[in-house]
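Take a look at the structure set out below.
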Amino acid sequence: EPINVTLANVIVAGAPRTFTYSVTIIDPAVADPARTPLTITGPTQPPRNQVSSYRVNDIPNAVGYQWRTSKLSAFELTDGAEAGVGNFDAVVGGYDPASNNLAATGMSSFRLTTGQTGGVAGSGPQTLTLKRTLVPNVNSQLTFQTRANGLANVAAVVELSPDDGASWTVVYTEQATADTAWNARTVALGAFAGQHVRLRFRVQNAGTGATACCFSEGWYVDDIALRNLQAADAPSLSMQSTDPAFAFTPTEEAEFDIDVRAQFSGSGFGA
């Protein structure tokens, strides 16, 4: 609701003045202050090769809607870098992120370190991002093993992004220094159930002290395992439309995810 603001003792042409006015405080990033939930209605088992109609409720202040359909498939991953970094996109400095310096099992592990120039990332943040988009359920888990070797002032984290990398949420973190053995880690993913998320491992300098370079230092990650979730493949985005209805024609027998987001004038899309 509006609030009254008074500015007193404002000097205008050498004389003090008082100004009073009314203002309504808003957050320009929140186009729908009521945060009206989006509810999709439509068939849960649309017939193959036939048009099915879906609709979302009207969202206050929305100027349009965009729909996304993605094919879902069961997904499991076990990766210890034995075959390189093929499952990940690596943004690192001048070193190989698939290393045989240390391994919890097998001969290799993933390595992220700081202080080495070159490569794509130089000495900035170093990341390994899983190429597949994940859809966890309430029981989904990520497990992995870590070993920090010869590090100082390095933050090591695991992050999830629900908006295709626009923002990241930390789900695991450690101040990586030096370990004498491997440590088993478990991260529950249930808080992201039903969402389309990207997964990445990241390290970067966490202070102003010295950073080791150019030997076997690093944050090593091995035996990465993802269980009890799905992957979302080949997402298809509709054109933005003022019509809150959407037509979907599945061309194969499969499980699909259909979601929608509202568009707001001046502030882009909502969730």
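The values are calculated or read from the model by the stated rules, or taken from the named source; none is laboratory data. In this text the structure is predicted, and so the values were computed from the model without any measurement. Because the Cβ atoms are built from the backbone with ideal geometry, glycine has one as well, and the counts that use them run over all protein chains shown. Please note that ligands, DNA and RNA were not included when accessible areas were found on the heavy atoms of the full protein model with its side chains. Shrake-Rupley method; radii C 1.70, N 1.55, O 1.52, S 1.80 Å.
Its alpha carbons give the stretch 49-114 an Rg and a Dmax of 21.8, 57 Å. Counting only protein heavy atoms and a 1.4 Å probe, the stretch 109-174 has 37 square angstrom of accessible area per residue.
Just need the relative contact order of the chain here, percent rounded to a whole number, with Cα pairs under 8 Å and 6+ apart.
Normalised by residue count, the contact order of the chain is 30 percent.
The stretch between E255 and N61 holds 66.6 nm of extra length on full extension. This uses 0.36 nm per residue minus the Cα-Cα distance.
Between A245 and V138, the simple spin-label model (points 7 angstrom out along Cα→Cβ) gives 3.5 nm.
Each part gets one Cα centre, and for the stretch 109-180 versus the stretch 223-238 those centres are 18 Å apart.
Under the definition of Cα pairs under 8 Å and six or more residues apart, what whole-number percent is the relative contact order of the stretch 87-185? Contact order relative to length: 24 percent. Quick check: at a probe of 1.4 Å, how many percent of the accessible area of the stretch 31-109 sits on carbon and sulfur atoms? Reported share for carbon and sulfur atoms: 49 percent. The order of D223, D163 by accessible area, most exposed first and with a 1.4 Å probe, is D163, D223. Here are several values of volume of the Cα convex hull per residue in Å³: (i) 132; (ii) 211; (iii) 152. Which one was derived from the coordinates shown? Given (i) 132; (ii) 211; (iii) 152, the structure-derived one carries the label (ii).
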